[in-house]
Each structure stands twice: as C-alpha cells, then as structure tokens.
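Here the structure is laid out as structure tokens; the discussion comes afterwards.
The values are calculated or read from the model by the stated rules, or taken from the named source; none is laboratory data. Treat the numbers as computed from the prediction; the structure is a model and nothing was measured. Please note: Cβ atoms are built from the backbone with ideal geometry, for glycine as well, and neighbour counts cover all protein chains shown.
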Amino acid sequence: MTAPSQDDAVMQEAGTGDGGGASCAAIGGETPPLQPAGFVLRSTEFRRGREQGWRDLEGLLAKAERGGLGALSTEELQRLPLLHRSAMSALSVARAIALDRHLLLYLENLGLRSFLVVYGPRQGILESCREFFTRAFPSAVRAAGIHVLIAFLSIVVGVAAGFMLTVGDESFLAAIVPPDLAGDRGISSTREQLLQHEIFAPWPGFTRSFITFANFLFQHNTLIGIMMFGLGIAAGVPTLMLLVYQGLIFGAFIALHANRDLLVDFLGWVSIHGVTEFGAIILCGAGGLVIAQHILFPDRYSRVDNLAVYGRSASQLALGAVLLFFIAGLIEGGMRQLVSDTAGRFAIAALTAVAWFSYFAFAGRGLKP
Amino acid sequence: MSAARNGAADDKVARFLDGVSRNRREILTPEGVLLPVDLADHGERAVALVIDLFIWLCVTVLLYLGIIALIVGGMAAEVAVALILLLAFIVRNLYFVYFELAWQGATPGKWVSGLRVIDRRGGPLTPSAVFARNLTREVEMFLPVGLMVSVGITNSWESLALLVWLGLFAALPMFNRDRMRGGDFIAGTIVIAIPKRALLADLVASRSRYSFSSQQLAAYGAFELQILEELLRRPRSAQTAALLSEVCGKICAKIGWPTPIPAADVVGFLTEFYSAERAFLERERLYGRHREDKNSRLG
C-alpha cells in the first residue's frame, strides 16, 4: 500500500541526489577507490524494498490467469490494482535509475501480465449478450443506414433482373440455381406439383420440420451470411456479387411461379420467413460493405486504424444477423407448414416486418455504451 | 526518453548476443507507461492453431460418437443427426470466441504456446473485438480448406482461381509488419507472446576484493554492462567458462589491469567488475551523464 509514496521518495532522492559520497571522474580527476567494502547500489536498495510487493502481485496474477478474476478473494481483488500501480511506477523508476537488464525485463513482463489482468475483458458472455441485444446491435444497424440501403437495393436489382430474365426463358433458372437448392422445382414443374409439394405441402411432423429442416436452413444461411460479411475485406466486390446473386435466385423463382399463375401464393409462402431472412442477408451484406468502405476510403486515419474502429461495429451487424437467420430457419422449417393459408402467412410476415423495424428503429436509443 | 531506450522496440543486447531480436511493438497503458510487447512468430501461431484445431477435431469426433450412441439408444436417427450437427456448428464457431473472452485473450492452443490476443493500442480487449476477429475465420480458414478439397476433386478453374484469391487473404499475416490476419485488422487486435519470467537474485557482489578506479570504469557503457550481465547469468558450462575467460582477458587489457586473473577466479572477478561498473554507471546517470556504450562520450 505504501509503495507509491516510496517511489516518490526515490524519485526525489534521484532528482536531488547527494552530492557528497560520489567522486566522479569530472570532479575527482585523480583515481580514488570507489568501493570501500561491499557495494551499495541505489537500484539494489530500490529492489530490496519492493521485491515482496512484486512477488505478491505475481502470486495474484498466477491465480487470476488460471481461474479468471473470480478466483481472487475480495481482499485480493482490492490489493490487485494497488499492486499493479506500484509495479508500474516501479518500472518507471527502474528505467530511470537501474541498469540491471534482468530487473527491467522482469518488471516489463510483470507489468504486461498485470496490465492484461487488470484491463482484461470485463464482461462475461451473458452480460455481453444482454448489452449486445439491448443496445449495440440496433445502434450498429442504425449507424450503417446507408450500407443497409445499398445492400437492399443490390438485392432488389438482382430480383428484378432474375425475374425479367426467367419470365421469358425458364432455362435461365436451371443455369443460376444450384441443384440442391432447387430441389425438385424446375422448368418441368407443373402448377399442381408446386402447389402440393411446395406451397401447401403437408405438415411433415414436428421433429422433421422444426429440428431437421430448420437446422439445415440455419446452417446454410449462416454460412452464406458470414461469407458475405467476411468477403468485405476483399473490397466489397464479392459481397455485392453475392447480394445480387441471392436476388437473382429469388427473382427467377418468382418468375417460375408467376408463369404458372401462382404469384400471390408463392409470395405468401416466401414472405413468412423471407422478411427475416432477407433482413439478415441485408445486414450481413451491410457489414461487409462497411468494412469495404473503410478499407477503400479511410478518411482521417490510416486504413488499419480506420478498420479497427469500424470493423467492430460491422461485425456486430453480422453477429446479429446470425440470430435473425436462426429465427428465420425456425419460421421456415416449422411455422410455414403450420400456417397453411396465404392470408395468414402474409399477416405473420407483416407482423415480423413491423417487429424488426421497430426493434432496429427504437431499441436502445439513448443508452450509453 | 529512458523508456524508449530501455524498453526499446529494438533490443540491442539480445541482437548482439543471439544475432536476432524479437519483433517488438509498444503499447501505452492507462498509467502512461510504455510497455514493449513481443509479436508472436508465425511458427508460434501455427502451433497454437494446430493445437486448437486438434481439440476442435476431438470434440467433433466425440459429437459424432454421440450420434451413434443416441441412435443405438433408440432416438430417431434424423433428430440425433440434426442435434449433433447443430452442436458441431456451434462448437466450430464459438470455440475461439468463448475462450478468448473467458481466458483473457487466449484459447487453449494460445495458452500452451504462451500467446495472447490484445488490443493494438493498449485498450481493453472488448467482446465485440473478440467476435469480430473470429467471424472472419470462416472465410480465412474453413473456406480455403473446403475449396482445396473441391479443387482436388473437380479440377475446375473457377475453384482454383477462388482458392488462389482466398489464399492471399489467408496469407495476410505474412505480408504485414504486425503479422495481423484479416480478423485482426477488422478487430484492431494483435497477437503477442508473453514469456514467463521469474525474478532471479541480483548479480551485485556482496563483498569486494578488487577495487577499480573511475577511469577504469569509464571504459565501458550501459550496453557492455548488460552484455556482461547476460553472460554471467548463463548456465555454467565449459562453453560459458571459455567465453567468460575470453571476456575477462579483453576487459583486463582494456582497463589495463596489472595482474593476470587465475582461471578459478574469473567469475568472481567479473562479478565484482560488473558490480563496480554498474554502481559507477548508475551514479553517473543520476547526474545526467548517461553512457549508452563504450563509443559514446562521457558527459
């Protein structure tokens, strides 16, 4: 506890010095013997006075590094920052007065270790989750408004292009949609097949829809979303391409169903989960675009610094999107088969749209980070 | 000034003795102290990653064994497979995040190889930074590996081109000074190595049999003093003994020591010379006459 004041004393001592005892070359000129009996070094005395505190700190650090801060008792927790500060101040003093390399390296190492414990991640996983959903996620979405808009428009462009290309020539669908995503839907599907096997398919049972199917959809979509975000580091071009491509697929399917006079039923079938799913895709894309923007146009900072500032909030978009994908997977895998009329599906779609919109628009406003 | 000298980004003593010095950066702590940190080597990071992947693989294999156990135990195969796949997905994506949050920036692999993730500017490591640096792992690591497999199978040009392109991102740590990968750039983090150091006894001799004049002691500076310290701290062996007696001879010649030192007393003489030299240089330094090395002028 007294260490800081001790250090001050040493500093003072070091500053004023005692002009007497030391006969240095400049004054002496002659060569008087310097060490009468044994060596009394200021740095050695300095070390002797503080060594116990450093060893105590080392013990606390070993405990905290192994079991987290929770492993320390209340009394130890109170001592930790005091010991940390006195070790840091000892390092500063040692740099000024000591030439003992081992001592300096040891103190630097000790200071770094205690710095990492004292200023380490404060929040546990649960606490970070709560903070994330009540404040960080919606405010990150609000901050990325323009990127969300660009991502949204890219998808709209894709949908329009896919629709127009497929509505005249359905072979386009087979060209762009990977076979495992198309399932048994394709050029040869008839209106009745689509109605019975897709849009109003019978309820396949709880486990099959909620667990198996929803799970597959969630993993597949999340992978695409994370890729969209991560590829933002490649200047955003692949992110935009993926966004447009998602739109193309969707547009092609709309055209396929429109040609068979199923437009409204198909939109109902898609929108029940599509609002959430496209929301998530847009957020991932927006995250990728935020990163791309700050790589391409770093305004006042260097590219690396700029990325460090904005990359975190961009990653929050992608992270929140994973949750949206999860909900979308549940709706798509299960709810859609439970609600089997188009009007009901549209109602749920509208409900989710309003819910998400108000969440992103209003949640966590005025809360400080 | 003295911080930059002693805590320097460039460790002259280590470079002189070992021929190499570790790549260092400095962070500024909230107390206003500059702390040098050693960047982790590519090799150390690769070892950490291999250990983490091995643990991940073991957990995944265990999960697959779990599937078999559940199916044998009478659970519907579909449900068991789905549950396990979901768990495997969560493990793959949350393994790094969980440990870097709970173990203060270290996964088990990093822990074993003595590495830590820290904020590049010395701020606290926030959860959002941890999430950010691990979200891109999918693109940097799992995707290229999957592509490599698909190039091997399908031999298609598109996959090959994509592989080369993503490979460049995976190799990002090779191309920048701070050895940051894509995720580190996004999160503003670096990976550092923290060696464990114990506090050893001070080398200063407790009694003195030789005495040195201040002119003799003025022959050297702080750099030579610390080289001598490192040599004296080396474990005693025939090689060290030979080195020390060579050093002893050079010092005696330089300071004009009249009598030859018997081989048995080389360590004792050098220890005392070290103590006297350190006492002299530290005192000189207090008076503002710091001497960097033997070539810099005193005062």
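Numbers at a glance
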| item | result |
| --- | --- |
| Residue within segment A:297-308 that is among the small types (Gly, Ala, Ser), touching a helix residue (DSSP H, G or I) at 6+ places or on another chain (Cβ under 6 Å) and outside any loop (DSSP other than H, G, I, E, B) present | no |
| Residue tally, condition hydrophobic (A, V, I, L, M, F, W, C) and surrounded by fewer than 16 Cβ atoms within 10 Å (Cβ to Cβ), over segment B:12-46 | 5 |
| Tally, over segment A:110-160, of residues that are acidic (Asp, Glu) and either over 26 Å from A:ILE281 (Cβ atoms) or more than 21 Å from the chain's Cα centre (by Cα) (or both) | 1 |
| Residue within segment A:101-115 that is within 8 Å of another protein chain (Cβ to nearest Cβ), more than 27 Å from B:PHE96 (Cα to Cα) and in a loop (DSSP other than H, G, I, E, B) present | no |
| Single residue of segment A:85-98 satisfying the filter (within 9 Å of chain B (Cβ to nearest Cβ) and touching a Gly at 6+ places or on another chain (Cβ under 8 Å)) that is modelled with the lowest pLDDT | A:ARG95 |
| Every pair of residues 6+ apart whose Cβ atoms lie under 8 Å, when the first sits in segment A:129-145 and is more than 20 Å from B:VAL97 (Cα to Cα) while the second is surrounded by fewer than 16 Cβ atoms within 10 Å (Cβ to Cβ) and aromatic (Phe, Trp, Tyr) | A:PRO138/A:TYR359; A:PRO138/A:PHE362 |
| Qualifying positions in segment B:204-228 - within 8 Å of chain A (Cβ to nearest Cβ) and either under 22 Å from the mean Cα position of the chain (by Cα) or among the hydrophobic types (A, V, I, L, M, F, W, C) (or both) | B:VAL204, B:ALA205, B:PHE212, B:LEU217, B:ALA218, B:ALA222, B:LEU225, B:GLN226 |
| Condition broken by B:MET180, with the remaining ones in (1) part of a loop (DSSP other than H, G, I, E, B); (2) over 30 Å from A:PHE229 (Cβ atoms) satisfied | (2) |
| Search result, residues across segment A:57-75 that are modelled with pLDDT of 90 or more and in contact with a helix residue (DSSP H, G or I) (Cβ under 6 Å, 6 or more places away or on another chain) | A:LEU57, A:LEU60, A:LEU61 |
| Some residue of segment A:138-149 being at the interface with another protein chain (Cβ under 7 Å from one of its Cβ atoms) and charged (D, E, K, R) | no |
| Residue within segment A:335-346 that is at pLDDT below 90, under 25 Å from A:LEU223 (Cβ atoms) and of a type outside the set (A, V, I, L, M) present | yes |
| Any chance A:VAL354 is within 10 Å of another protein chain (Cβ to nearest Cβ), surrounded by fewer than 22 Cβ atoms within 10 Å (Cβ to Cβ) and either of a type outside the set (S, T, N, Q) or part of a helix (DSSP H, G or I) (or both) | no |
| Sole residue being within 11 Å of another protein chain (Cβ to nearest Cβ), touching a His at 6+ places or on another chain (Cβ under 7 Å), among the aliphatic types (A, V, I, L, M) and without any contact (Cβ under 8 Å) to a residue 60 or more places away in the chain, chosen from B:LEU162, B:LEU200, B:LEU168 | B:LEU200 |
| Condition met for A:LEU330 (under 25 Å from the mean Cα position of the chain (by Cα), touching a residue at least 60 places away in the same chain (Cβ under 8 Å) and farther than 20 Å from A:GLY145 by Cα) | yes |
| Selection count, segment B:188-224, where residues are surrounded by fewer than 20 Cβ atoms within 10 Å (Cβ to Cβ) and assigned to a helix (DSSP H, G or I) | 2 |
| Number of the condition not met by B:PHE280 [criteria: (1) in contact (Cβ under 8 Å) with a residue 24 or more places away in the chain; (2) more than 7 Å from every other protein chain (Cβ to nearest Cβ); (3) in contact with a Leu (Cβ under 9 Å, 6 or more places away or on another chain)] | (2) |
| Helices (runs of 4 or more DSSP H) contained entirely in segment B:50-143, each with at least 2 residues that are at the interface with another protein chain (Cβ under 9 Å from one of its Cβ atoms) and in contact (Cβ under 8 Å) with a residue 24 or more places away in the chain | B:77-102, B:127-135 |
| Residue match in segment A:208-218 (condition: assigned to a loop (DSSP other than H, G, I, E, B), of a type in the set (Val, Ile, Thr) and modelled with pLDDT under 75) | no |
| Of the criteria (1) away from every other protein chain (no Cβ under 14 Å); (2) at pLDDT 80 or above; (3) part of a helix (DSSP H, G or I), which one A:ASP261 fails | (3) |
| Qualifying residue in segment A:75-87 (condition: touching a residue at least 24 places away in the same chain (Cβ under 8 Å), under 29 Å from B:ARG25 (Cβ atoms) and not in a helix (DSSP H, G or I)) | no |
